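Heads up: the structure comes next, in structure tokens.
The values are calculated or read from the model by the stated rules, or taken from the named source; none is laboratory data. Note that the structure is predicted; figures quoted are calculated from it, not measured. Glycine gets a Cβ as well: all are built from the backbone with ideal geometry, and neighbour counts include every protein chain shown.
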Amino acid sequence: MDPQHRLIQERVAKIDKWEEMGDRPYPTSFERSHELGAVVAEGERMEAENSEVKLSGRMVSKRRHGKMGFAHLDDQSGQLQIWVRKDVVGEDAYEKFKLLEVGDFCGVEGKMMRTKTGELTCEVTAIELLSKSLRPLPEKWHGLTDPETRYRQRYVDLIMNRDVRETFEKRARIIQVLRDQLIEEGFLEVETPVLQPIYGGATARPFTTFHNALGGAQLYLRIADELYLKRLMVGGYDKVFEIAKNFRNEGMDRTHNPEFTMMECYAAYWDYEDMMALVDRIVRRIVDEISDDGKIQYGEHTIDFSHGFRRAGFLDLLKEHTGIDYRPLGRDEVEAKAKELGVEVDETMGKGKLLDEIFSEKVEPHLIQPTFVCDHPVELSPLAKRHRDDPELVERFEPFVAGFEIGNSFSELNDPRDQRARFEEQVRLREAGDDEAQQLDEDFLRALEYGMPPTGGLGMGIDRLVMLFTDQHSIRDVLLFPQLRPEVKSGGGDAD
């Protein structure tokens, strides 16, 4: 028998002993009087009043000394020490305490006091097992450190590493701040389809599925919710937003996961200048939640938001960091320059995508302080309005911080004739081998033909925002259950 299985069997035997002593080891509920964090917060008063409490949580430490023992319970709000004495709880209850192990959930009744060492403690008068941990937790001092195991067994990671729990609590607060800001500014929260007959709104490969009830019709998991939100603008809403799960069938790296969370919003009669101001308001509000001086630490960099975002042109930044003016160059000349710079490209890429690849490798790593990268070539942005002062560019910006993009925004294209021409160019790129080029969506074009007001649109990557504001350097550290390769099993049994 392998050691893990033997330990499980030993713990099952202890459940049997609980049952032999007349107790149910898995009760349906436990009525606690306080969360542990609330007891700690009110500790001085509760100690003075010798308050009676009913508490519960996971046992995360335990030590016995003859006829008494100490343990710590943990719940979402905090930790608290308990003190169990045989002469207080009685012999039967103390025998039950001896059967408890680190990892078990238990409930206690008792009175609040403070030990000689000064630690706030619940002196236990009654104790019960609420749920048995059949698998032992990782050893206390080394914890759970292997990243692959942490991501695959996130439940154990959360037990052992309170800072990981705090990261996901901050994630929830960041999303709430974002939602509150939009609602306060008059945006309506909506929901749009995840399963779509034509995917669009971004440049990416989709996940494909089939709908049996529709005769095996092919459907796609959305890569963006943009085109449906714009349909709502046609329908008469002035401001809408959605916080949505999107799916892109692409590689995984530090800032990419196939399933990710995006906020998209649209406002009638706004343009990309208005959306820059909105991003600044959203980010400042998040910064104010976590910083007193408008600065945060991200790795080795101190990021200063106190002066807002600087603005810089896409082509200007390319010239600044590569020494090349790409504006007059044709597609083949750009490819040649990319190869000279050591940027990996292929024959299917149009000029816009080539420029984007060069930008990703040669410019983005230098965009540490908050920067709006503005006014991209038209080939890169099939859904954005042409720049009012330069028809070779579009009115678009991307906010960059700490070397990565956290959003994307346009003055939205609302001319159905221009939109059709852009879609047709994407079709040509697809036929030339670019499988990330967008599809032509006739229903979306039909919607635009009913008229869409001048509109500003914005998408912000929630996962990257959370990375930035929690000082995490892999997207996997801000996703509770990131995508992983299939778990390798050995010996024909379940992998441990």
**Prompt:** Considering segment 220-238 alone, what residues qualify as being outside any helix (DSSP H, G or I), buried (at least 19 other Cβ atoms within 10 Å of the Cβ) and touching a Leu at 6+ places or on another chain (Cβ under 8 Å)?
**Reply:** Y220, L221, R222
**Fill in**
Given (1) of a type outside the set (A, V, I, L, M, F, W, C); (2) within 17 Å of the chain's Cα centre (by Cα); (3) part of a loop (DSSP other than H, G, I, E, B), N414 misses just (2)
**Message:** With the requirement that a residue be in contact with a Lys or Arg (Cβ under 9 Å, 6 or more places away or on another chain) and free of Cβ contacts under 8 Å to residues at least 24 places away in the same chain, what does segment 16-36 give you?
**Reply:** E31, S33, H34
**Prompt:** Of all residues in segment 239-272, how many are in a loop (DSSP other than H, G, I, E, B) and closer than 21 Å to M452 by Cβ?
**Reply:** 3
**Request:** State the number of residues belonging to segment 142-152 that are surrounded by 18 or more Cβ atoms within 10 Å (Cβ to Cβ) and free of Cβ contacts under 8 Å to residues at least 60 places away in the same chain.
**Result:** 2
**Selected residue (only one of G103, G118, G57 is outside the structural domain of K170 (by TED's automatic domain parsing) and either over 38 Å from the mean Cα position of the chain (by Cα) or over 17 Å from M160 (Cβ atoms) (or both))** = G118
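Conditions tested, residue by residue: (1) in contact with a Lys or Arg (Cβ under 9 Å, 6 or more places away or on another chain); (2) loosely packed, with under 13 Cβ neighbours inside 10 Å.
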{"position": "A38", "(1), (2)": "no, no"}
{"position": "M59", "(1), (2)": "no, no"}
{"position": "G66", "(1), (2)": "yes, yes"}
{"position": "H72", "(1), (2)": "yes, no"}
{"position": "V84", "(1), (2)": "yes, no"}
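Name the residue that is farthest from the chain's Cα centre (by Cα), counting only residues in segment 448-485 that are within 27 Å of N249 (Cα to Cα) and small (G, A, S). Please lay out each step first, then the result.
Kept after step one, since they are within 27 Å of N249 (Cα to Cα), are these residues of segment 448-485: 457-485.
If we keep only those that are small (G, A, S) too, we end up with 457, 459, 461, 474.
Numbers: G457: 22, G459: 15, G461: 9, S474: 10 Å.
The extreme case among them is G457.
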**Asked** Looking at segment 289-300, which of its residues are surrounded by fewer than 14 Cβ atoms within 10 Å (Cβ to Cβ) and either modelled with pLDDT of 95 or more or closer than 15 Å to H366 by Cβ (or both)?
**Response** K295, Q297, G299, E300
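Taking into account only those residues within segment 359-408 that are among the acidic types (D, E) and under 21 Å from V343 (Cβ atoms), which is modelled with the lowest pLDDT?
Of all residues in segment 359-408, those among the acidic types (D, E) come to 361, 364, 375, 379, 389-390, 392, 395, 398, 405.
Now drop any that are not under 21 Å from V343 (Cβ atoms), which leaves 361, 364, 379, 398, 405.
Details: E361: 95, E364: 97, E379: 84, E398: 98, E405: 96.
Only one residue tops the list, namely E379.
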